[in-house]
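Notes follow once the structure below has been shown.
No lab work stands behind these numbers, since they all come straight from the coordinates. These numbers come from a predicted model, not from an experiment. Don't worry about glycine lacking a Cβ; one is built from the backbone with ideal geometry, like all the others, and counts go over all protein chains shown.
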Amino acid sequence: MKYLKHILLLLAFYSSVAEATELKGDIAQGGLVWGQLKHGAELRLDGKPVYVGKEGYFVFGFSRDAADTATLVILHRDGRREERTLNVAQRKFNIERIEGLPPKTVTPPESWTERRKVETGRVRKARAARAVTRLDWLNGFIKPAEGRFSGFYGSQRILNGKPRSPHYGLDIAGPVGTPIVAPAGGIVTLAAPDFLLEGGIVIIDHGYGVSSTLFHMNSVDVQEGQRIEQGELIGTIGSKGRSSGPHVDWRINWGNVRLDPLLTLEE
Ligand SMILES: [Zn+2]
């Protein structure tokens, strides 16, 4: 009897290990992580609820400055509580010096204040996920343009010699007019031809709070509310706004958390 109890305990231990929820993606600063839970389960990351869709899918991400551990709690429908400590890979970010930017875009004049308020308000609104239940993010991401990577996520920026906040995009340089395609499908929540710092800008809602933002576009060829597929043309590369040469700056957000697009391409 005594042994049987031990065997049963061992079996219980191994079955709970086998059932551990699989996490895909990058458990790293700037990383996007996803998985699928059984019906009815709930998820919390560092105490905050994470949206779990009808099919059990979930996605979350880590900021550039995320701490080295995070706590994931899964509340299964049968009452089982699965707690995991995630070791979040810490990364080193380089310093990037950019010269030749239009001075006004590095130190915006007071006359820009009102217009910037309107523009940043539109960005905030566009990133507040509307298409919550869409699963476009699940198909992964593709490079939005052909060209060389000219700037990286997380780098500490020195613009025209002045230290500025870190860069949160992946810059892809190419000639003016190079096609830009949707890195993933979704709904266009912002499409504007000439914001002061971003130039032509498009935001695509991929669902579950995940969105892409594309900056410095020369032409914007989509409209707000439009449904687009992955790989569909959305505009062309330009050098509008705070830019020293033609490129597209691609960003990925999970809610307000800024993620590294490059990590999503390495899957
Ligand atoms: Zn950039």
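Below are the figures for this structure:
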{"item": "Efficiency of FRET between F149 and E110 - r from beta-carbon atoms, R0 35 angstrom, step 0.05", "result": "0.50"}
{"item": "Selected from L101, L197, L233 as most flexible by GNM, with the chain as the system and alpha-carbon contacts under 10 Å", "result": "L101"}
{"item": "Tilt relative to the chain, helix 113-127 - C-alpha long axis, 0 to 90 degrees, to 10", "result": "30"}
{"item": "Residue of F62, F149, F215 that the Gaussian network model of the chain assigns the largest fluctuation, springs spanning Cα pairs under 10 Å", "result": "F149"}
{"item": "Label-point gap, in nm, between L265 and R91 - each point 7 angstrom along Cα→Cβ", "result": "1.2"}
{"item": "Alpha-carbon centroids, region 42-98 and region 220-267: separation in whole Å", "result": "24"}
{"item": "Peptides ranked, highest mean first, by Cβ atoms within 10 Å: ranges 174-187, 235-248", "result": "235-248, 174-187"}
{"item": "Karplus-derived 3J(HN,Hα), 6.51/-1.76/1.60, for each residue of region 170-186, Hz, glycine and proline x", "result": "10, 8, 10, 8, x, x, 3, x, 4, x, 10, 10, 5, x, 7, x, x"}
{"item": "Relative contact order (%) - region 95-265, alpha-carbon pairs under 8 angstrom, separation at least six", "result": "27"}
{"item": "Estimated 222 nm signal from helices in the chain, with DSSP H stretches of n ≥ 4 weighted -39500 (n - 2.57), rounded to 500", "result": "-4500 deg cm²/dmol"}
{"item": "Angle between the chain longest axis and helix 2-18 axis [Cα atoms, degrees, rounded to 10]", "result": "20"}
{"item": "Amide H within-cut-off set for G241, under 5 Å, with H built and near neighbours excluded", "result": "G199"}
{"item": "Near-label residues of region 242-267 by backbone N, under 19 Å of a point 7 Å along Cα→Cβ of V132", "result": "253-257"}
